[in-house]
1. Over the alpha carbons of the range 120-166, what is the largest minus smallest coordinate on each principal axis, giving the biggest first in Å?
2. If one computes P(r) from the Cα atoms of the range 366-439, what percent of pairs lie at distances over 14 Å?
3. Going by average Cβ neighbours within 10 Å, how do the peptides 303-315, 334-346 rank, with the highest at the top?
4. How do Arg370, Arg188 rank when sorted from fewest to most other Cβ atoms within 10 Å of their own Cβ?
5. In whole Å, what three semi-axes, largest first, describe the equivalent ellipsoid of the chain built from its Cα gyration tensor (square root of 5 times each eigenvalue)?
6. Mind listing the long-range amide H neighbours of Leu255? Cut-off is under 5 Å, sequence gap 5 or more, other chains count too, H placed in the peptide plane at 1.01 Å from N.
7. For the ranges 51-62, 386-397, what's the packing order if you count other beta-carbon atoms within 10 Å of each residue, average per peptide, and put the highest first?
8. In whole Hz, what ³J(HN,Hα) sequence does the range 404-418 give by Karplus (6.51, -1.76, 1.60; θ = phi - 60°), x for Gly and Pro?
Amino acid sequence: MMETDLIPQLLKKMNIDALNPMQEQVIEKGGNYKTLILESPTGSGKSLAFLLAILPLIDATEKKLQGLILVPTRELAIQLEGVIQQCGLGLKVHAFYGGYSGQEDQRRLKHTPSLLIGTPGRISSLIEQEHLKAPDLKALVLDEYDKMLELGFEEEMIYILDQLPQDINRQVLTSATHLEKLPPFISRDGLEVLQLEGQEQRLTKFALRCQDDKASCISDLLHLSGRQNIIVFCSFKEDVNALCERLGSEGLEALPFHGDMEQIHREESLIQFRHESSRILIASDLAARGLDVPELDLVIHYQLPLSENSDTHRNGRTARMNAKGAVVYLAGKNDKIPTFLNDLNWQKELRGLDQPFNTRVEDCQMGTVRITAGRKDKISKGDIVGFFTKVAQIPGNAIGAITLRPKATYIAIDRKYLPNLAKQYGSLKIKKKAARLYLISKI
């Protein structure tokens, strides 16, 4: 399926100028391997690399499940489903993950997808209940496989692989870190390992030993962060919520992201962040892997990483591909500095950090709304733009990013239009589909 003349189409659809060296190597290998391991930093294009490896084996005209992609988190499953649909290759693809009724999965499996994406827990459950069978499977991907091991999914992965055909043509594993020892369930037959290095050269690191309250310290930093997109990492979920509340009381709109949030609230935090309805995401380490977020200018470690691996994955959210980025480590007066951070030049005053804190923070121009109609209602981005420009009389240049979901659509709109929009169009119709509009950004 992956003819070389399809590569320009993929690049255009994914808004990429050219393949990176690792992706080019996948093409050059021409399928002369059975097991492929891709090791490279977060944001370095591993998703496109493994798609280039498996898509030649998948025939969209056959109504059979031919490819399975296992991922560690719901967010990554949703993201990959969107990426593959965006490529416009005519593949039927479904994402399966926890947080909703298993009956919905059973209903969707009646229309066999060519490619299935899922978390190990949900996929193993579907196999165990005999709702999912894959006798014709040709390609298997374990995306962020080291994270799945870290999260305790080894038993589920072993079970899944035991139930799959033993003659799968190709399996691909991706990781942002190097594993010295491969798990026993990974086939060594025809093994190829491709690596892409180079992030550290583009990453500038700063370290600050806070002399006062650490929350006040980060507040001062963020008030001087200008128009930058920032992720602040906390080690504990409770601290994510507390820090969001603290910053909100000081006029800094920050979005939370952690595992105890309802799935829809986690997803809406990410969507608002991508839509630039907020420039600050306060997150647990759940956000350190594989998530599709805007080009980040800055990562702040509000609580220091507990290991070098954690440090690598957190920092991988910035300086992605050819971009530059910065990282700030914050330590309280009594915090113990991990040995792997001892070599940093720890400053005692904010003024010691010349960059990236040099301009006053600016409010986000865009806010995000949700309407209760989406892809399953045959709604397109053109339909959305048409409604807001022609019916709601909002200028086209006041409409930003649009995110289509199966049953909902999220639209970034200039904040000055939001109060009147919510007042006039609580109920609306798009392509004769009745829907409701909700504000999910603060105004």
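Readers should treat all values here as calculations from the given coordinates under stated rules, not as data from a laboratory. The structure displayed is predicted, hence computed values, not measured ones. So basically every Cβ, Gly included, is an ideal-geometry build from the backbone, and we count neighbours across all protein chains shown.
1. Projected onto its principal axes, the Cα set of the range 120-166 covers 29, 22, 13 Å.
2. That fraction is 54 percent.
3. 303-315, 334-346
4. So the ranking, lowest neighbour count to highest, is Arg188, Arg370.
5. Here the semi-axes work out to 35, 30, 20 Å.
6. Ile280, Leu281, Ile282
7. Ranking, from highest mean packing down: 51-62, 386-397.
8. Calculated HN-Hα couplings, in order: 8, 10, x, 10, 7, 9, 10, 10, 8, 9, 3, 4, 5, 8, 5 Hz.
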